[in-house]
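J.: Submitted below is the structure of interest, expressed as structure tokens.
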Amino acid sequence: MPSMSLFMSQVFNGLALGVLLSLIATGLTIIYGTLGVINFAHGALFVVGAYAGYSMFMATGSFVLSLVAAAVLAMAVGLVMERGLIKRFYHRPHEDQILVTFGLSIVIVEVIRGIYGGVGQRVPLPSWGEGVIDMGFVTYPLYRVEIMMIATSVLFACWYVLYKTRLGLIIRSGIEDALMVRLLGINVQRYFMLVFGIGAAAAGFAGMIYGPMVSIVPDMGFRVLIQSFVVVVLGGVGSFPGAILGGLIAGQILSLTSLFNPVYSDVMLFAAMALILIFRPQGLMGVEGRA
Amino acid sequence: MKKTPFDSKRSEGRRTFIKTATGVAGGLVLPSISSNAWAQKKDYPALGNYPAGVSGDTVVAGLTLDLTGPYSAEGAGQRRGFELAAELLNKGDPRVKKVSPLTQQGILGKRVVLAIGDAETKPNSAVQAATRFIRQDKAMMIAGSVSSSVAIALQNTCDRAKTLYFPIISGSSDTTGKDCRRYGFRLCHHAYTASKAIAPILAKEYGKNMKAIHLVPDYNYGHSIHHYMKQFTEEQGWTTIDNPQIHPLGATDYSSWLLNIANSGADILINHDYGADAVNSAKQAYEFGVLKKMKMCVPYLPAYMLEEVGPEIMEGVFGTMVFWWTEGQKNEVGKDFVEAYKEKYNALPRDPEHNAYMTMLLWADAVERAGTFYPPAVVEALEDGINHKRPYSMGGEVYFRAEDHDGVADFAIVRGKKPADIQNKDDLVDVVAVANGLDTLPPIGYAGCSMGSAT
């Protein structure tokens, strides 16, 4: 039986994992909810953010500028993708959307590999991120605590935009009923583009803050893509609170399972997703009948 | 008798006739002498891609390289090693002849052509690429791997197709153990040999009362090296904490496993990861303060981990490597290889480049000795390597053991240098010992190898 302090440390770790997953899944769920597009290029945008941030860091040494570059470049790539190709697939079946976005993700990842090579790149921890915090029950890397706070702030900002601004109102209405929003004379296309850009920016931002924890390689987005899809299914498609709840639950499943049988962490996550699909297919906070 | 003009003409005619007749008769006889001589040369039946694959003036080597996935850096390194070897073979470079003395130009006069495919670190993709090389390109040899799951899958495929296969990096002992195949030959050391070599060194350094916890990637190689490191360290008196942290291959976030490790009470973390996984787990082990609580050992040390992780973390970490360039400088073949690599790529080579290069030369040598590309003859020539040992880049000699096709080749036990002692970007480890290739091999039959037929 694991000790109480180990248990608490895994709960905390699950929280940290969950907040990051929530951030990535938020972008995905908003895109899927508003545009109805299953964006398999979301993981590639995560990688774009990581490499954009890396290049900016190498050029300027500024972590903050790297975060900005990551979000901006991921947003730019997302907008080009959306305007150039994806908007033609809004009314196509989901299988077509999956194929085109998956294809785009392969192209993006290979372009990155062509530019940077396959050998992992290192972004050092920012000076304010070095060291550990001793919280009694766990000694935890300071940087991970900080990115929990950063990710939480960004999620709060997303909440504010979605629930307290006109833009957010339109996005949420578009999730409910895009046709009605169009009939009200609102240029839904422009908002769709913006939504895609915001979702892409969130993924890119997450890629950069994840960067110092791992070796940055072109394939780093694939796992993240799969896990964020699981979170969206758990929480409910198109639901921002669902993405947060789903992310937090997913984080806990991953870390707590490892206490008992490390091999099964991923398996338990998919088992949870399977249970949700059987008993509550719309997700924990999704609305029944929404595609 | 007075010669008349009539007489002269007739005698000229006769002389000409005799000369011509002799010439024609000789000409008729000559091919049959030649054809007798050719007929004495063995007439091999068609098998695999023989003789179709060598009917022209080229021979294709199909390279199934992990160009994407967690081992993509190693895959790219193998590509560079193969390209260098092919270039030198095709030129008939004198350096090549030290390993393959019968080489003139190319292999048996055929220019070596490389066909390159991405195995994606996945067995399915690797098998698809190899099948394409064998069927479309008529490859006479397939080589390349980093993941042992890929290597074993390719070995099966190539064995069925009667085509030689050389895993270039394969750490699982199963590749020349229970999954051995008649057409597969592995040069590099592996889980059993690495563990046998490093365990006594670790015991000498850290003592005999260490508690070890293992971080294991969940696939063939991970379980193989976990098994043998446990066995050999326990033989030295160590205790293994019965909570191995087994994780999916390609995981990026090791936080949950590292928290368990940090709380385990272990004295040393045995990190069985490879490629990008090793880099991520080591970096995160440092961040979680695990390396303040315990030592770390990476028994099968990936080539690029040292620079990707950095000397602050790798200081004092023991591991094994097939090749290290400083040791290579101490013998001719190693020195030739390092020089040739530096000329072409302006960098110093590591394991993947080395293994690819040496394997291609040993293949060329076997084909030259066999005098043919006929697959069973080349297999026999490789199996006869004990009678044709070649000088090796880590010193000593190299050949493939006939019974299980395991490479008999010395390899390095290394320890990460202190940052203060590092003199340049390639000066990353001290070679603390060179393990004897033959002494570290498992007893014949130990790992369960049972060979099939070559025809």
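The values are calculated or read from the model by the stated rules, or taken from the named source; none is laboratory data. What you see is a predicted model, and the numbers here were worked out from it, not measured in a lab. Counting neighbours? That spans all protein chains shown, and the Cβs are built from the backbone with ideal geometry, glycine included.
J.: B:Ser393 fails exactly one of the following numbered conditions: (1) of a type outside the set (Lys, Arg); (2) part of a loop (DSSP other than H, G, I, E, B); (3) under 19 Å from B:Trp324 (Cα atoms); (4) without any contact (Cβ under 8 Å) to a residue 24 or more places away in the chain. What is the number of that condition?
T.: Every listed condition holds for B:Ser393 apart from (4).
J.: Considering each of B:Gly250, B:Gly237 in turn, give the residue that is of a type in the set (Gly, Ala, Ser), touching a helix residue (DSSP H, G or I) at 6+ places or on another chain (Cβ under 9 Å) and under 22 Å from B:Phe318 (Cβ atoms).
T.: B:Gly237
J.: Look at B:Asp253 and say whether it is more than 10 Å from chain A (Cβ to nearest Cβ) and either part of a loop (DSSP other than H, G, I, E, B) or aliphatic (A, V, I, L, M) (or both).
T.: Spelling it out, it is not the case that B:Asp253 is more than 10 Å from chain A (Cβ to nearest Cβ) and either part of a loop (DSSP other than H, G, I, E, B) or aliphatic (A, V, I, L, M) (or both).
J.: Here is a further query. Residue by residue through region B:437-455, note down the ones that are part of a helix (DSSP H, G or I) and surrounded by fewer than 17 Cβ atoms within 10 Å (Cβ to Cβ).
T.: B:Leu438, B:Asp439, listed by residue number.
J.: Another question, then. Name the helices (runs of 4 or more DSSP H) wholly within region A:102-221 that hold at least 2 residues that are hydrophobic (A, V, I, L, M, F, W, C) and touching a strand residue (DSSP E or B) at 6+ places or on another chain (Cβ under 9 Å)?
T.: Those helices (runs of 4 or more DSSP H) span A:142-164.
J.: Another one. Do we have A:Gly247 as more than 10 Å from chain B (Cβ to nearest Cβ) and in contact with a helix residue (DSSP H, G or I) (Cβ under 6 Å, 6 or more places away or on another chain) here?
T.: yes
J.: From the set of residues in region A:105-123 that are modelled with pLDDT of 85 or more and facing chain B (nearest Cβ under 10 Å), which is farthest from A:Phe40 (Cα to Cα)?
T.: Only one residue fits best here, namely A:Arg113.
J.: Same structure, new question: State yes or no: is A:Pro212 within 14 Å of another protein chain (Cβ to nearest Cβ) and either in contact with a Pro (Cβ under 7 Å, 6 or more places away or on another chain) or of a type in the set (Phe, Trp, Tyr) (or both)?
T.: yes
J.: Out of B:Ser149, B:Ser125, I need the residue that is at pLDDT below 95, more than 14 Å from chain A (Cβ to nearest Cβ) and in a helix (DSSP H, G or I). Which one?
T.: Testing whether each residue is at pLDDT below 95, more than 14 Å from chain A (Cβ to nearest Cβ) and in a helix (DSSP H, G or I) leaves just B:Ser149.
J.: Sort out which residues of region A:233-244 are surrounded by 20 or more Cβ atoms within 10 Å (Cβ to Cβ) and part of a helix (DSSP H, G or I), and write them in order of number.
T.: Correct list: A:Val233, A:Leu234, A:Gly235, A:Phe240, A:Gly242, A:Ala243, A:Ile244.
J.: Same structure again: How many residues, within region B:396-408, are closer than 14 Å to B:Phe185 by Cα and either of a type in the set (Gly, Ala, Ser) or assigned to a helix (DSSP H, G or I) (or both)?
T.: Summing the residues that are closer than 14 Å to B:Phe185 by Cα and either of a type in the set (Gly, Ala, Ser) or assigned to a helix (DSSP H, G or I) (or both) in region B:396-408 gives 2.
J.: Are any residues in region B:228-249 in contact with a Gly (Cβ under 8 Å, 6 or more places away or on another chain) and under 21 Å from B:Asp174 (Cα atoms), and if so, which ones?
T.: B:Ile246, B:Leu249 - these are the residues of region B:228-249 that are in contact with a Gly (Cβ under 8 Å, 6 or more places away or on another chain) and under 21 Å from B:Asp174 (Cα atoms).
Residues are listed down the side, and each one gets a yes or a no for (1) assigned to a loop (DSSP other than H, G, I, E, B); (2) surrounded by 19 or more Cβ atoms within 10 Å (Cβ to Cβ):
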{"site": "B:His214", "(1), (2)": "no, yes"}
{"site": "B:Ile225", "(1), (2)": "no, yes"}
{"site": "B:Glu234", "(1), (2)": "no, no"}
{"site": "B:Asp242", "(1), (2)": "yes, no"}
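J.: Separate question: How many residues does region B:133-165 contain that are charged (D, E, K, R) and without any contact (Cβ under 8 Å) to a residue 40 or more places away in the chain?
T.: Number satisfying all stated conditions: 2.
J.: Taking B:Asn331 as the residue in question, decide whether it is surrounded by fewer than 19 Cβ atoms within 10 Å (Cβ to Cβ) and within 21 Å of B:Gly407 (Cα to Cα).
T.: It is true that B:Asn331 is surrounded by fewer than 19 Cβ atoms within 10 Å (Cβ to Cβ) and within 21 Å of B:Gly407 (Cα to Cα).
J.: Another one. Under 9 Å by Cβ, and 6 or more places apart or on different chains, what pairs join a residue from region B:404-432 that is under 30 Å from B:Ser453 (Cβ atoms) with one that is surrounded by fewer than 16 Cβ atoms within 10 Å (Cβ to Cβ) and among the small types (Gly, Ala, Ser)?
T.: From region B:404-432, the pairs are B:Asp404/B:Gly445.
J.: Could you check, for region B:95-117, whether at least one of its residues is over 29 Å from B:Gly371 (Cβ atoms), of a type outside the set (Phe, Trp, Tyr) and within 14 Å of another protein chain (Cβ to nearest Cβ)?
T.: No, the conditions are met nowhere in region B:95-117.
J.: Go over the candidates A:Gly221, A:Gly283, A:Gly251, A:Gly247 one by one and state the one that is buried (at least 21 other Cβ atoms within 10 Å of the Cβ), at pLDDT 90 or above and within 20 Å of A:Asn39 (Cβ to Cβ).
T.: A:Gly247
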